[in-house]
1. With angles folded into 0 to 90 degrees, how steeply does helix 99-111 sit against the dominant principal axis of the chain? Use alpha carbons for both and round to 10.
2. Please report the relative contact order for the chain, taking Cα pairs under 8 Å with a sequence separation of at least 6, and give it as a percent rounded to a whole number.
3. Less than 13 Å Cβ to Cβ from Leu55, Lys/Arg counted +1 and Asp/Glu -1: what total charge do the surrounding residues give?
4. Note down the magnitude of the dipole of the range 3-120 about its Cα centre, charges +1 on Lys and Arg C-beta and -1 on Asp and Glu C-beta and zero elsewhere, to the nearest 20 debye.
5. For the chain, count the residues as N, evaluate 2.2 N^0.38 Å, and divide the Cα radius of gyration by that value, please.
6. Which one of Asp99, Asp74, Asp24 has the biggest mean-square fluctuation once the chain is modelled by GNM with Cα springs under 10 Å?
7. From the phi angles alone, apply the Karplus equation (6.51, -1.76, 1.60; θ = phi - 60°) to the range 28-34 and give each ³J(HN,Hα) in whole Hz, x where the residue is Gly or Pro.
8. Given Lys21/Lys73; Lys30/Lys111; Lys30/Lys64; Lys51/Lys73, which pairs have Cα atoms separated by over 26 Å?
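Values in this text are rule-based calculations from the coordinates and carry no lab data. Since this is a predicted model, take the numbers as computed values, not measurements. Quick reminder, even Gly has a Cβ in these numbers, built from the backbone with ideal geometry, and neighbours come from all protein chains shown.
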Amino acid sequence: MHPLVDAFWQGRQKFKKGTGKYFDSTRKPKAACHLGALYWGMYKEIPGEGKLVLLNNDWPEISKPAAVPCEHKDETPIGDISGILIHLNDEHDGRSWPDKKVAEWLETALKEDILANPSQI
């Protein structure tokens with residue numbers, strides 16, 4: 001399992017799914033979006049101002065292009081992994097995109113090189 005997928009699972013076990021922002025509170029959060037959960041799983045902290053950039057610095061593959069895995073691929077076939085995580089969190093519910101499905105997609109997206117194999121789009 002890729003370390004980012006493991007981090008996603010750790011964050012999802014700690015926080016319920018929230019939408020619209022990374023964490024519902026900076027003091028004692030109870031909910032996090034997918035990207036917030038992943039951040040917490042990596043660093044075991046709630047990010048302060050500008051700290052989410054750590055993910056991009058430490059794990060640049062979070063910014064690599066990937067095929068959009070949902071029905072919205074007709075609108076935008078490719079996005080960066082972090083943006084797709086935010087999209088799956090905010091635009092899809094837990095029934096159509098449960099955590100397990102998101103984690104499976106994340107594992108695949110981190111392994112694929114969409115630019116080298118555009119037929120995946």
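1. 60 degrees
2. 24 percent
3. -2
4. With only Lys, Arg, Asp and Glu charged at Cβ, the dipole is about 700 debye.
5. 1.01
6. Asp74
7. 9, x, 10, 9, 8, 6, 4
8. Flagged as over cut-off: Lys30/Lys111; Lys30/Lys64; Lys51/Lys73.
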